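The values are calculated or read from the model by the stated rules, or taken from the named source; none is laboratory data. The model shown is predicted, which means the values in this text are computed figures rather than measured ones. Virtual Cβ from ideal backbone geometry, glycine too; neighbours counted across all protein chains shown.
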Amino acid sequence: MSQSFHLYQLQKVDTRLDQIQQRITSILQQIENDSRLKNARDLHNHAAEKLNRIQHELKKIEHDVETRRLKLEQSEANLYSGRIKVPKELQDLQNEVAALKRSIAGLEDQQLEVMIQMEEAKKEYDQLQQTLLQVEAEVAQSHSGLMGEKTRLENDQQRLMIERQAIVSQIQPAMLAEYENLRQIKQGIAVARVEDSSCTACGAGLTPAQCQSARSPSTVFYCPSCGRIIYAG
């Protein structure tokens, strides 16, 4: 068989694969745009953001408490070491120790409040996560027809990919590269048939000599108008 024939067969498979992927994408969008699913996901995401924000706040407070405790240990060690003899310095150190203790006590109160908030936020998050799973199941059930179509399309997709590999193995690497390049710049259509002495892709008429060239098994003919590969059968 000629390269043009294999390229045309590849084009037919790729066109069908494109159609399948477009339909699968459309099905997924229909399901994703279901208002029930969107609302459930919005609530779930909001709860997740809230929980993350509280967890971050709690970690910051815990870090501040730990920093002040270390400072308190150092200050108390200096205070009771006996090395400081000047009364003014001792008084300043005592004031510092007292201030650190008040600061730590205040932070620990905040820490307790935030821990309570986090527990409530975690409970809310868990509830909304369960709700989301339930809604996802309900949406999947209500869109069972679409999901069944999606499964059938995916099976066709797998079958066509196997068929595509078999066709590709019959095409010269340079021609395959040319085909892929044309697919990118010609809206997915790299190979067109000849019908009524015209290119089916762009509609340009072909002379009898050009139609004969398109039928040649030894050469690959390109449409003089659109530049696509022409297959005459």
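Assorted remarks:
- Test: residue in segment 78-100 that is under 30 Å from residue 38 (Cα atoms) and part of a helix (DSSP H, G or I): no
- Complete set of residues in segment 21-37 that are of a type in the set (S, T, N, Q), more than 16 Å from the chain's Cα centre (by Cα) and modelled with pLDDT of 90 or more: 21, 22, 26
- Hey, residue 40 closer than 25 Å to residue 148 by Cβ, in a helix (DSSP H, G or I) and not assigned by TED's automatic domain parsing to the domain that holds residue 191 or not: yes
- Whether a residue is more than 30 Å from the chain's Cα centre (by Cα) and not assigned by TED's automatic domain parsing to the domain that holds residue 189 was assessed, and residue 90 passes this test.
- Extreme residue, farthest from residue 190 (Cα to Cα), among residues of segment 223-233 that are crowded, with 16+ Cβ neighbours inside 10 Å and not hydrophobic (A, V, I, L, M, F, W, C): 231
- Condition met for residue 122 (buried (at least 16 other Cβ atoms within 10 Å of the Cβ) and either among the charged types (D, E, K, R) or over 21 Å from residue 50 (Cα atoms) (or both)): no
- Residue in segment 111-128 that is farthest from residue 40 (Cα to Cα), counting only those that are under 33 Å from the mean Cα position of the chain (by Cα) and among the charged types (D, E, K, R): 119
- Any chance residue 4 is touching a Pro at 6+ places or on another chain (Cβ under 9 Å) and either part of a helix (DSSP H, G or I) or surrounded by 14 or more Cβ atoms within 10 Å (Cβ to Cβ) (or both): yes
- No other residue among 193, 183, 159 is in a strand (DSSP E or B) and either closer than 17 Å to residue 2 by Cβ or out of contact with any helix residue (DSSP H, G or I) (no Cβ under 6 Å at 6 or more places or on another chain) (or both) apart from 193.
- Pairing residues of segment 12-25 that are under 23 Å from residue 166 (Cα atoms) with residues that are of a type in the set (Lys, Arg), at Cβ distances under 8 Å and at least 6 apart in sequence or on separate chains, gives 13/164; 14/164; 14/183; 17/164.
- Listed by first and then second residue, the pairs with beta-carbon distance under 8 Å, at least 6 apart or on different chains, first residue in segment 147-161 and over 14 Å from residue 22 (Cα atoms), second modelled with pLDDT under 95, are 147/27; 147/31; 147/140.
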